[in-house]
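Working notes for the structure below.
The values are calculated or read from the model by the stated rules, or taken from the named source; none is laboratory data. Just so you know, these numbers come straight off a predicted model, no measurement behind them. We place every Cβ from the backbone using ideal geometry, glycine too, and count neighbours over all the protein chains shown. For the accessible areas, the whole protein counts, side chains as well, though only heavy atoms, and no ligand, DNA or RNA atoms are used. Shrake-Rupley method; radii C 1.70, N 1.55, O 1.52, S 1.80 Å.
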Amino acid sequence: FTPKTLAGQHVVVSAGPTFEAIDPVRGLTNLSSGKMGFAIARAAHEAGAHVTLVAGPVALPTPRGVGRINVKSALNMQRTLQVLAQTASVFVSAAAVADWRPVSAAEQKIKKDGSGSVPALNFVENPDILAGIAAQPRAVARQLFCVGFAAESQDLQAQAQVKRVRKGVPLLVGNIGPDTFGQDENALLLVDEQGTTELPRAHKLHLARQLVAEIAQRLPVGSVA
Ligand code: C5P
């Protein structure tokens, strides 16, 4: 039995990596498995929320009862999330968004020309999707509660607090441990204005349920989507 702490809420979760095209058959991505975001989507549904999962390219089944939109690039993910953020009441940004993308993708497959020369790749920075959404009036007014993630390799507590303020979110979740990517277990550090709470090492679904309960506690009393 799960208490329906998120009944009436519309929860949007981003998950997985993004894929930044180089040409029609090649691109850049990262090792995010999407497992944490998918677990959060499942836990939010169990807690009674209407859940939309915005997923980068991952090979995970959609949790039962959850709506899923597949995206590829960071720009693609941003467009989708910006629309959903207009009606959502909670946004959990668990996706590992690529920091950079190639300036432009070649329309045709880049071919070897036989001379041994290699193509040059030029990059441009991707927008910070979470910071952009957290700066929107609905988020500033706490009608949309935004939650960020951080994977820091050192000094997690201080770095997570800095990141929380920089992104403008009330709650930031730090992944404890160097290599949580692809693992079934994780440990989390929750950082908010009050301080930090540690969720000890456990299966990602267990952590997701705890995180959902923590989010529910922080929503404005009597709020519904
Ligand atoms: O800055 P950093 O990538 O460490 O921040 C991680 C958090 O910001 C995650 O919640 C991630 O989903 C989000 N993010 C984003 N857009 C980016 C980079 C990160 O929304 N371009």
Checklist line | Accessible area of the stretch 46-168 belonging to carbon and sulfur atoms, whole % at 1.4 Å probe | finding: 51
Check: What FRET efficiency comes out for the pair residue 106/residue 60, r = Cβ-Cβ distance, R0 = 41 Å, nearest 0.05?
Finding: 0.85
Notebook entry, point to check: Percent relative contact order of the chain, based on C-alpha pairs within less than 8 angstrom and at least six residues apart?
Noted result: 21
Next item on the list: Tell me the label-point distance for the pair residue 131, residue 184, using the 7 Å Cα-to-Cβ offset, in nm and rounded to one decimal.
Entry: 3.7
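Among residues other than residue 39 whose Cβ falls under 12 Å from its Cβ, what is the net charge (Lys/Arg +1, Asp/Glu -1)?
+1
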Notebook entry, point to check: Per 10 Å bin, what percent of the C-alpha pairs of the chain does each bin hold, from zero upward?
Noted result: 8, 33, 36, 15, 6, 2, 0
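Please list 20, 214, 185 in order of solvent-accessible area, largest first, computed with a 1.4 Å probe with all protein chains present.
185, 214, 20
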Notebook entry, point to check: Hey, how many Å between the Cα centroid of the stretch 166-213 and the Cα centroid of the stretch 82-159?
Noted result: 20
Item checked: Cα gyration tensor of the stretch 60-176 - equivalent ellipsoid semi-axes, whole Å, descending -> 32, 19, 14
Notebook entry, point to check: Given charges of +1 on the Cβ of Lys and Arg and -1 on the Cβ of Asp and Glu, with all other atoms neutral, how large is the dipole of the chain about its Cα centre, in debye to the nearest 20?
Noted result: 580
Note to self: Using protein chains only and a probe of 1.4 angstrom, how many square angstrom of residue 5 are accessible, to the nearest 10?
What the structure shows: 70
Next item on the list: Evaluate the charge dipole of the stretch 1-75 about its Cα centre and quote only its size in Debye, nearest 20, assuming +1 on the Cβ of each Lys and Arg and -1 on the Cβ of each Asp and Glu.
Entry: 200
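Under a 1.4 Å probe, what is the accessible area of the chain per residue, stated in Å²?
Here the residues of the chain average 52 Å² of exposed surface.
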Next item on the list: Quickly estimate the mean residue ellipticity at 222 nm for the chain, helices only: each DSSP H run with n ≥ 4 gives -39500 (n - 2.57), and the total goes over all residues, rounded to 500.
Entry: -8000 deg cm²/dmol
Notebook entry, point to check: For the stretch 141-202, what relative contact order do you get, as a whole percent, if you take Cα pairs closer than 8 Å and at least 6 residues apart?
Noted result: 29
Checklist line | Qualifying lysines (Cα of each under 29 Å from Cα of residue 204; at least 8 residues distant if same chain) | finding: 4, 35, 72, 163, 167
Checklist line | Among 160, 203, 146 - extreme Cα towards positive end, dipole of the stretch 106-225, charges at beta-carbon | finding: 146
Check: For residue 21, what charge total do you get from the other residues with a beta carbon under 13 Å from its beta carbon, if Lys and Arg give +1 and Asp and Glu give -1?
Finding: +1
